[in-house]
1. I need the per residue convex hull volume for segment 495-564, using only the alpha carbons, in cubic angstrom as a whole number.
2. By its C-alpha gyration tensor, with a ≥ b ≥ c as the square roots of the eigenvalues, how is segment 207-260 shaped: rounded for a/c under 1.5, else prolate for a/b larger than b/c, else oblate?
3. So how do 378-384, 119-125 stack up, highest first, on mean other-Cβ count within 10 Å?
4. List 366, 510, 575 from most exposed to least, where exposure is judged by having the fewest other Cβ atoms within 10 Å.
5. Beta carbons within 10 angstrom, averaged per residue: use that to sort the peptides 220-232, 138-150, 920-932, highest first.
6. Full-extension gain between residue 385 and residue 551, please, as 0.36 nm times their residue separation minus the C-alpha to C-alpha distance.
7. Given an 8 Å cut-off on Cα distances and at least 6 residues of separation, report the relative contact order of segment 256-316 as a percent.
8. Can you tell me how much longer the chain between residue 945 and residue 723 gets when fully stretched, taken as 0.36 nm per residue apart minus their C-alpha distance, in nm with one decimal?
């Protein structure tokens, strides 16, 4: 007992000594230029490891010993300042801008550079453009933010890739996506990257910058840098948000009463025509009982209406969009820690995303973990370690495209049998007799088992040796592994099962497993030297990439029962089973020289040689040179008196890049499975599956870029302008070959394409004072695409849906829409007789333009009627700050271009079939020569149902309120122990104005160049907070 008391006395005195030997100082760090707080500034006690960071409001609190005399305050881009404490308990610090670091630093290929010395076309955004927005994919953060970068959400499917294009597509058959580089290593996709872990994104748009990546730089390069550790004590940050997602827009369809009206018309016309064929005077007013009698007592829904349509008794009316879509929740929680010493700095984060889909029975769950370390082994040797595993699970059935559930929901009859409702077609319920045979999409999604799993790991290590301040070298290694699985089980109950079909007899089960492994090893040497007014920097390196793909696939049917979703060969019939293995390698050597004279005359040049296993042995290697020039006119003596101009730079860049994004082994003669008759029996084996082309090589793009950068009033206003000309030669096309080879076609380097355009970026600080700030960022881009050659005879290449909706033709953009041009409706027989028409045309049919003016409408009148490319696209962000409040508004849009509504053709066709629903404008259809409707919607039983025409080609012009975010940064003094607290409300896809009547989004693209009903985009409303301690 005495020992315990003695211990307590010792601990008390020790605590008192520590307490009374410490003092607490507080303070605030601001910019000397505009007196604005500097969040994240570092405060260290000189000669110790004691330190802290400023919060969102620039304030800090620090416990120090009485012996402490000086604190060191530092912030990136500002001059570090030492301040004597002198017994003060509150310190105000104003940091001056460091002119040597004033220029923004951007990440470029295998390095970084000050923005004002970059001679190529590079655009970038930082983490501030991503924070406080509910973006679940990195590409979403680029939308509307950068000139020359088009981001198209072609589908709202959870986890679906987003189409990114930099200065237009450069290929027809090869890929058009940019190359992604994460922390210095190329990546094939970025689906596993958490947006909140990103520090900066730089886009290399012209070849003078992208050529350092050689064979993969033709479509631009997106360089992503993740967050890293900061010097000082460990700082924790918690980011959470929750929200609701709702359908961004609905498609206006016929309701039940309107659907009944159009059905009556069709059945009455069919009844009258049946009488004509029988030589009888049948009339539209004939009763149900009379028709039943004339038909021999058998119900025939082609000629008879449902008598219950008069009262609705015994029927159920359904809005299938309300039935399939829902208000869905989205939640994300993230915790991160950052800190470190002179020896080790670290950034560690974990992010959990739970997202329900706005389509019922769909959801996405993802967990990202990231650990980044910078380790200083000694004064010369340092180590960088990055590790990032991701686990993702996606539940829910096929929603997007032809014969998927969105398509079915929009075509479903709005009437079912009473008490059946959303279970129509789901066993034991039959579908409504006057409707189609499609099973309820809601029941289908509910009963279907479909799950996609993804497990990835990205890891890289970099060992850097610094010989001196000018000379260093590094050896870098990276590994990427992905395990993907797709498991689907369709039970018999949702396959239009008949009453005598046993359970499992129509069931369908599939399991697709893929493994992707990629290794990268690279070595880089950097040398930089300054002497007098000369600055020179060199980089040389080499890299080897190896990638392996394994795939195992199983497809079974006729399963014993539907109790389990698992299956094997003893309980089912094996319909298809195979295993595939593929391998790909790329060997590269590269170098770059940067030179600056007096920080006024700038030069950059690079060259890269790539050897790829994807090409023929005669074209295994490709060489890709580039150079660029810059002139800082504002540094000239004759500009010294023009104080209003703070920066003026002219740029020119030239470069050659390649595109190797083609299917593997196209250059080689493949072995395929085949069968033949042997002794009157069918024998299975292997045979040559494709023709070899030893000359198959790179698509190469030569690019010229002319640029201008100007800043005014100390860069309060800045503008960037670029004009570019990109020509792709040797496009990879599937072309006819001599039949003596045994094949009809093969891949060859034939064809040229050109993209020309310009882009503008404007940044302004409209108002800036102590209480209120307003800044604007505007970007505007135009691109023109044209095919210049398609081989020796320039034969056009049909493409699109069933090769009947688009074409590649010299003198026109790639993927131009090619079809009949609808110009109205034939009003009466006189209109048919006096106008160009097709054989068997009747009044009320769609009228087409007589392109060749021969007085006849036939296949010679199929013509180019548009293309998918917008004339220009733009984005504008306005940011406002008032005291503790910040407001950001992002608008974006495009002008021109077309979208082809294949879904519209499916549900908007004058086929005479009325089993399915139709758009609401069919109320205004042509009914007779005295009731001609709106002049655009034809008769319901027209003769043009088998044609593809421009009735479903829509202007893709739109503008939308992409994002509004309102946030409040609360004073840290309100909460003890809290360094910063911000709460925010964000709304994404808030409003859209467009001309696409029969589709969810003018950006949709999901089926062979058209929109056949995609997963709709969601309007998302979230409430979140950022907590720092």
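1. Taking only Cα atoms, segment 495-564 has a hull volume of 148 Å³ per residue.
2. Here segment 207-260 falls in the oblate category.
3. Highest to lowest by the protection proxy: 119-125, 378-384.
4. Arranged by neighbour count, lowest to highest, 366, 510, 575 become 575, 510, 366.
5. Ranked from most to least packed, the peptides come out as 138-150, 220-232, 920-932.
6. Full extension of this stretch gives 56.7 nm more.
7. After rounding, I find 33 percent.
8. Answer, rounded to one decimal: 75.4 nm.
Values in this text are rule-based calculations from the coordinates and carry no lab data. No experiment lies behind these values; they were computed from the predicted model shown. Reconstructed Cβ throughout: ideal geometry from the backbone, glycine too, with neighbour counts over all protein chains shown.
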